[in-house]
Amino acid sequence: QVQLVESGGDLVQAGGSLRLSCAASGSPFSSNLMRWFRQAPGKQRELVAGVSSGGSTNYANSMKGRFTISRDNAKNTVYLQMNKLKPEDTAVYYCNACPRPYYSDSLGCVGSAYWGQGTQVTVSS
């Protein structure tokens, strides 16, 4: 069992930055694939970024160059630094943990994953 708590969501103007945090507990953190998803109103949840246990990162194409995912295993925390935010980035952002086995290159989770409650990010024009 893994418990995830997101924080850092806020209202920000277009072009601004935010840093989201996800604190994990309940199981070993360092071996998990950690991912960020988001869901905008009326849309399906989509993958934003992921970081493997070895520190390998991948991003959805629309986020490359603007978003950075990182992890601090000592603090059991994963971060999402978001820069040059656009109104289309407005969504609830969810943290996701995938125990092994998983595919670090495609960010695919073979088994069951765990979800946080989400944090709201709103980007104004």
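The values are calculated or read from the model by the stated rules, or taken from the named source; none is laboratory data. Note that the structure is predicted; figures quoted are calculated from it, not measured. Heads up, the Cβs are rebuilt from the backbone with ideal geometry, glycines too, and the neighbour counts pull from every protein chain shown. Calculation scope for accessible area: heavy atoms of the full protein, side chains included, ligands and nucleic acids excluded. Shrake-Rupley method; radii C 1.70, N 1.55, O 1.52, S 1.80 Å.
Of note:
- Cross-link reach list, lysines versus K86, counting only Cα pairs under 22 Å and skipping chain neighbours closer than eight places: K43, K64
- A simple count of charges around G15, restricted to other residues whose Cβ falls under 14 Å of its Cβ and scoring Lys, Arg +1 and Asp, Glu -1, yields +1.
- Formal net charge of residues neighbouring M82 (Cβ-Cβ distance under 9 Å; K, R +1; D, E -1): +2
- Value of Rg/Rh across region 32-89 [Cα atoms, Kirkwood radius]: 0.98
- In sequence order, region 31-45 has phi-based couplings of 8, 7, 7, 10, 9, 10, 10, 9, 9, 8, x, x, 10, 6, 5 Hz under the Karplus curve 6.51 cos²θ - 1.76 cosθ + 1.60, θ = phi - 60°, and Gly or Pro positions carry x.
- A cut-off of 5 Å between modelled amide H atoms, ignoring neighbours fewer than 5 places along the same chain, links G16 with L85.
- Per residue solvent-accessible surface (Å²) - the chain, probe of 1.4 Å: 51 Å²
- Highest-MSF residue in the chain out of G16, G42, G108 [GNM, Cα springs under 10 Å]: G42
- Bridge type composition, the chain - antiparallel percent by DSSP, nearest 5: 95 percent
- Every Cα-Cα pair of the chain was included, and the share exceeding 18 Å stands at 47 percent.
- Simple point charges give the picture: +1 on the Cβ of Lys and Arg, -1 on the Cβ of Asp and Glu, and for the chain a dipole about the Cα centre of about 120 debye.
- Using a cutoff of 8 angstrom between alpha carbon atoms and counting only pairs six or more residues apart, the relative contact order for the chain works out to 35 percent.
- For V48, distant residues with modelled amide H under 5 Å away: W36, F37, R38
- Using θ = phi - 60° in the Karplus curve 6.51 cos²θ - 1.76 cosθ + 1.60, the 3J(HN,Hα) couplings for region 4-20 round to 10, 10, 8, 7, x, x, 6, 8, 9, 6, 3, x, x, 9, 9, 10, 8 Hz; x is entered for Gly and Pro.
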